[in-house]
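Okay, structure first, notes after.
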Amino acid sequence: MKSSPDSLGTPPDRWVGLVGPTASGKSGIGLMVAHKVDVEIVSVDSALVYRGMDIGTAKPSVRQRSQIPHHLIDLMEPTDRYSAARFAADARQLIREINARGRLPLLVGGTMLYIKALMDGLDAMPSTDPELRDALLAEGRERGWPALHADLQEVDPQTAARLEPNDSQRIQRALEVWRQTGQPLSSFHTKSGSPQSAHGGLQPRALISLEPKDRAWLHQRIALRFDYMIEEGFLEEVHALRARGDLHPDLPSIRSVGYRQAWEALEAGLQGHALLKALRETTVAATRQLAKRQLTWLRSMPGRVVFDAQDPATADAVVNLVKQHAQG
């Protein structure tokens with residue numbers, strides 16, 4: 001009978017992370033690894049959890065998911081909300097289960113707050129207050145999110161400094177925490193728990209980061225990805241989401257890069273060439289800003305193993321590194 005990892009003395013918390021900015025090639029290399037090493041892929045992406053949002057999220061195809069086990073994809077409807085705390089809990093559970101099957105969890109994605117929550121742990125956060133949340137959303141629509149961002153700057157400058165003035169989702173949550181508790185949101189992210197505690201950090205065997213040496217290379221890939229999304233039917237996907245009637249632009253799902261810009265362009269009544277031109281400009285610019293923020297997060301993680309995303313030899317090097325940790 002095959003021994004379980006625990007019976008061999010291997011801790012049930014082995015995992016490897018594969019991270020990087022958007023369009024750096026994480027998903028492709030992750031699939032290459034999975035075809036050569038006995039791993040299961042755990043998505044680290046705040047948008048892939050939503051059903052019906054496939055093209056704009058570059059979601060792995062049904063065929064790819066039938067060949068390689070993927071987790072934390074299509075968990076919920078876009079009316080629902082996911083969080084870093086829930087991701088950390090879900091990921092810990094999956095890591096234990098995958099290790100128990102004798103495989104290595106490979107966590108792939110670019111939602112850096114999720115990786116930080118898993119690695120460093122999170123203090124107990126106050127639960128969401130739907131009434132207060134709705135009041136803040138209404139206030140944001142009335143006064144404008146830059147005005148609420150200025151309010152946040154007064155009470156929680158640390159959180160405000162890392163948020164864009166129009167980031168309604170995160171500004172709303174930060175002000176909600178402040179009004180609920182009288183404490184800034186940043187105060188809930190200051191402690192790292194014990195690695196074995198229920199909400200503590202869980203360190204990877206390796207955190208592999210794909211980072212391009214030339215920013216122009218990444219910008220070109222971002223633009224090409226947008227063009228591919230349009231060809232695949234991204235606008236039709238957004239039309240279908242709008243036609244449901246139960247979604248609105250203040251939901252975290254619709255605030256995702258690409259969906260937010262498409263939603264706003266369609267609400268403005270743009271059509272034809274004007275729609276595509278405006279959407280390409282706004283989406284590519286927003287995606288570049290996202291990549292910049294992701295790289296800033298990554299550079300704050302000194303323990304990561306950096307590979308040049310542009311180097312053709314990187315894929316094989318990542319496969320070999322993951323293979324070492326799968327065997328060790």
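At-a-glance table
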read-out: Computed Kirkwood radius, in angstrom, where 1/r is averaged over Cα pairs of segment 130-188; value: 11.0
read-out: Rounded tilt (10° steps) of 168-181 against the dominant C-alpha axis of the chain; value: 90
read-out: Mean Cβ neighbour count within 10 Å, used as a protection proxy, ranking 260-266, 287-293, 236-242 highest first; value: 260-266, 287-293, 236-242
read-out: Cut-off under 5 Å, modelled amide H: who pairs with VAL306 long-range; value: SER209
read-out: Helix-derived mean residue ellipticity, 222 nm - over the chain, DSSP H n ≥ 4, -39500 (n - 2.57), to 500; value: -16000 deg cm²/dmol
read-out: Mean separation of Cα contacts under 8 Å, 6 or more apart, over the residue count of segment 130-188: relative contact order %; value: 35
read-out: Segments 54-62, 272-280 sorted - mean Cβ within 10 Å per residue, highest first; value: 54-62, 272-280
read-out: Coarse-grained scattering of the chain at q = 0.13, 0.16 Å⁻¹, given as base-10 log I(q)/I(0) from a Debye sum over alpha-carbon atoms; value: -1.05, -1.53
read-out: ³J(HN,Hα) computed for each position of segment 272-284 - Karplus, 6.51 cos²θ - 1.76 cosθ + 1.60, integer Hz, glycine/proline x; value: x, 4, 4, 5, 5, 5, 5, 5, 4, 4, 6, 6, 5
read-out: ³J(HN,Hα) computed for each position of segment 155-164 - Karplus, 6.51 cos²θ - 1.76 cosθ + 1.60, integer Hz, glycine/proline x; value: 9, 8, x, 5, 5, 4, 5, 9, 10, 6
read-out: Values of log10 I(q)/I(0), in the order q = 0.11 Å⁻¹, for segment 216-291 under a Debye, Cα-only, solvent-free model; value: -0.26
read-out: Acute angle (nearest 10 degrees) that the helix 234-244 long axis makes with the longest principal axis of the chain, alpha-carbon atoms; value: 70
read-out: Table column - 3J(HN,Hα) (Hz), segment 210-221, Karplus curve with 6.51, -1.76, 1.60, x for Gly and Pro; value: 8, 10, x, 6, 10, 4, 4, 4, 5, 4, 5, 5
read-out: Lysine pairs with alpha-carbon atoms under 27 Å apart, the chain, spacing 8 or more or separate chains; value: 24
read-out: Gained length - ALA223 relative to ALA147, 0.36 nm times residue gap less alpha-carbon distance; value: 24.2 nm
read-out: Mean-position separation - Cα centroids, segment 258-285 and segment 232-256, in angstrom; value: 13
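Read-outs: derived from the displayed coordinates by stated rules, not from any lab. Predicted model, so just to flag it, every value in this text is computed and none were measured. Every residue, glycine as well, gets a Cβ built from its backbone with ideal geometry; the counts of neighbours run over all protein chains shown.
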